[in-house]
Amino acid sequence: MKRIVIIGGGFAGVYCAKKLLKANAHVTLVNRTNFFLFVPMLHEVATGGLCGHNLAEPIREVLNAPNFTFIKGVAQSVDLERSIVKLDEQELKYDHLVLSTGSTTNFFNILGAEKNCLTLKGLHDAHRIKSQVIECLEKAFKAKTALERDSLSRVVVIGAGPTGVELAIEMQELLDQVVASNKNFKHRAEVVLVQRGEHILPQLPELRKDAERQLRKHGVKVLLNSPVKEVNHGQVVLDKKAIDAGTIIWTAGVKPNVLPTTPSLANERGCILVNEFLQVPAFPEVFVIGDCATYTQKGSADPLPALAQVATEEGKHVARNIRALLDGRSPEPFLYKSKGTLLSLGKGHGTGIIFGFKVTGFFAWWLNRTIYLTKIIGFGNKLRTAWEWTLNLFTKRDACQH
């Protein structure tokens, strides 16, 4: 029986493995955690909209088949010439290899950013952000000077892409709720959204006006053309000024999570170039998908974006191609067509484009949740998330510090 090894349990890896469970091959998936995480909803966990546990599902529950093995561990390197993946304590031989190692935060070598910023990549990150924001507000309530009060009650979000915009708006809702619960505190806590370029949502210009309108409505302060020069403890240094803040969150970019290979495959940016079948040309038994892959479709000037939607479709397609190769058939080229983009812009409001049609307001917000609900893995998780979202229509955010 052929051996298929998949490195990485994100959208690309898990959906690839799901489609391979009925193949005449043994599938082994390696991941550093034992669960699949629905990352697109993490900003709601960080702002008290969801508890977070509903977004995780044990990988062995997702992929339960006699020809499947899950290994909780970290791949250290790949010997492409010997077809071996080296883990912490063992080696795996493969006939087909799928690299879906995902991405990590890109701090662009800005001094102090990695040390002094919080990130939003996992459940621990989301819970840490919420806990720190509430802790800073509690300290602000007791502050003896206006300067200390202003700093502690301010949250800076660096990066005005989709995650940064969604997080900034919902964070402002959380701040307003906590402050309103203290009748003796007359100061308004604020969120500052910092963007190095001249526009928010640089990749989604068609959604920009709706997002700008909601940012203004919520009172989020937006600083454009403001590249970050340095991040100190409790302070963001820009070109012309510095901003003191109790919480600083980095959402300004990602970079591939590089897995060393022999010979080396990654380019200077850490990406691995693949052909139209999502294979490494020099090693056609190796497929690379998700955020660590670089593939530019014919007729396009830019590589496919690092999105969950892209990773999911790549995972499914590679599974089909591997099954074709196992059956002696030729692989098919990958062709990606976006189904659309939806953003949540606070409670009861959203914006997006679905199949070329613009949607906005409550309908876009509802559609965003409906689509995400279909994609959350695990029936119990779907039910619990639907219940939480329904309650949230009539109740406040969870402002408890856990």
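So here's what we get for this one:
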item	result
So residue 388, is it in contact with a helix residue (DSSP H, G or I) (Cβ under 8 Å, 6 or more places away or on another chain) and open to solvent by 70 Å² or more (accessible area, probe 1.4 Å)	no
Residue in region 49-56 that is closer than 29 Å to residue 94 by Cα and touching a Leu at 6+ places or on another chain (Cβ under 8 Å) present	yes
Extreme residue, surrounded by the fewest Cβ atoms within 10 Å (Cβ to Cβ), among residues of region 84-100 that are in contact with a strand residue (DSSP E or B) (Cβ under 6 Å, 6 or more places away or on another chain) and part of a loop (DSSP other than H, G, I, E, B)	95
Exclusive hit being more than 21 Å from the chain's Cα centre (by Cα), among the β-branched types (Val, Ile, Thr) and not in a helix (DSSP H, G or I), set 318, 286	286
Helices (runs of 4 or more DSSP H) (entirely within region 145-220) containing at least 3 residues that are of a type in the set (Lys, Arg)	208-218
Boolean, residue 233 is under 30 Å from residue 361 (Cβ atoms) and at pLDDT 95 or above	no
Matching residues in region 351-385 - criterion: being open to solvent by less than 40 Å² (accessible area, probe 1.4 Å) and in a helix (DSSP H, G or I)	361, 364, 365, 367, 368, 369, 380, 381, 385
Residue within region 33-48 that is of a type in the set (Phe, Trp, Tyr) and open to solvent by 20 Å² or more (accessible area, probe 1.4 Å) present	yes
Top-ranked residue in region 19-42 [being out of contact with any Gly (no Cβ under 8 Å at 6 or more places or on another chain) and part of a helix (DSSP H, G or I); ranked as nearest to residue 290 (Cα to Cα)]	40
Candidates 323, 329, filtered to the one that is among the charged types (D, E, K, R), crowded, with 17+ Cβ neighbours inside 10 Å and either over 20 Å from the mean Cα position of the chain (by Cα) or closer than 30 Å to residue 85 by Cβ (or both)	323
Every pair of residues 6+ apart whose Cβ atoms lie under 8 Å, when the first sits in region 363-381 and is on the phi > 0 side of the Ramachandran plot while the second is open to solvent by 20 Å² or more (accessible area, probe 1.4 Å)	378/57; 378/61; 378/62
Residue under evaluation residue 310, criteria (1) more than 26 Å from residue 41 (Cα to Cα); (2) open to solvent by less than 40 Å² (accessible area, probe 1.4 Å); (3) modelled with pLDDT of 90 or more, criterion not met	(1)
Failed item in (1) open to solvent by 10 Å² or more (accessible area, probe 1.4 Å); (2) touching a helix residue (DSSP H, G or I) at 6+ places or on another chain (Cβ under 8 Å); (3) among the aliphatic types (A, V, I, L, M); (4) farther than 21 Å from residue 241 by Cα, with residue 152 passing the rest	(4)
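For every residue, the table says whether it meets (1) within 20 Å of residue 98 (Cβ to Cβ); (2) open to solvent by 50 Å² or more (accessible area, probe 1.4 Å).
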residue: 231; (1), (2): no, no
residue: 238; (1), (2): no, no
residue: 245; (1), (2): no, no
residue: 253; (1), (2): no, no
residue: 257; (1), (2): yes, yes
residue: 260; (1), (2): yes, yes
residue: 288; (1), (2): yes, no
residue: 299; (1), (2): no, yes
residue: 314; (1), (2): yes, no
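The values are calculated or read from the model by the stated rules, or taken from the named source; none is laboratory data. Just so it is clear, the model here is predicted, and its values are computed rather than measured. Cβ atoms come from the backbone with ideal geometry, glycine included; neighbour counts cover every protein chain shown. Heads up: the accessible areas ignore ligands, DNA and RNA and are worked out on the full protein's heavy atoms, side chains in. Shrake-Rupley method; radii C 1.70, N 1.55, O 1.52, S 1.80 Å.
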